[in-house]
1. Could you give the radius of gyration (one decimal) and Dmax (whole number) of the Cα atoms in the stretch 27-137, in Å?
2. Relative to the present Cα-Cα distance, how much length would full extension add between Asp112 and Arg46 at 0.36 nm per residue of separation?
3. Hey, how many Å between the Cα centroid of the stretch 33-59 and the Cα centroid of the stretch 69-119?
4. In which sequence would Glu136, Glu118, Glu40 go, from the one with the fewest C-beta neighbours within 10 Å to the one with the most?
5. Report, ordered by chain and residue number, the aspartates and glutamates lying within cross-link reach of Lys38, taken as a straight Cα distance under 14 Å and ignoring same-chain residues fewer than 8 apart.
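Here, each number is a calculation from the coordinates, and none is a lab measurement. In this text, all values refer to a predicted model and were calculated from it rather than measured experimentally. We place every Cβ from the backbone using ideal geometry, glycine too, and count neighbours over all the protein chains shown.
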Amino acid sequence: MRVTGLISILVLLTGFVAFAQQPTNKAAPLRNRVPAAKPEKYRDVRDAAQWKNPCLIVYANGVQIRVNGAALSGPTIPIPDVVGYLEKLPDRVWSYGLVVAVQPNGVVGSEDEFASEERNLSKLIRRLKDAGVQAELWPSA
């Protein structure tokens with residue numbers, strides 16, 4: 001009886017330790033783990049090289065995500081995958097709170113590409129808003 005009680009206690013403790021070690025904030029939606037945007041921290045930023053949070057460049061075929069000027073997402077990712085990608089970024093890239101810079105690519109080869117880029121921009125802004133992410137619109141490069 002005494003051994004059974006000790007085994008039960010050990011099993012419970014093992015479960016608590018395993019639960020405590022799980023990285024729960026990685027699975028949490030952005031708005032649950034990143035504080036709201038703090039405009040006072042970025043309102044004077046005028047150069048993309050100084051922007052510390054993620055920057056989303058909108059193309060006709062998707063979005064490229066950059067942090068500190070470095071492309072993180074490769075060439076482009078589809079609009080529906082952007083928020084999921086942002087949720088996987090570490091908390092340290094959210095210096096200004098839950099805000100991203102968004103800018104169109106600006107270099108398009110045809111009216112169709114321009115129209116696709118404009119549609120993607122609108123879709124992206126809606127998805128970001130639904131996820132609680134503030135979008136700071138920047139002019140194209």
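1. Here Rg and the maximum Cα pair distance are 13.5, 41 Å.
2. My answer for the length gained is 20.7 nm.
3. 13 Å
4. Going from sparsest to densest Cβ surroundings: Glu40, Glu118, Glu136.
5. Glu136
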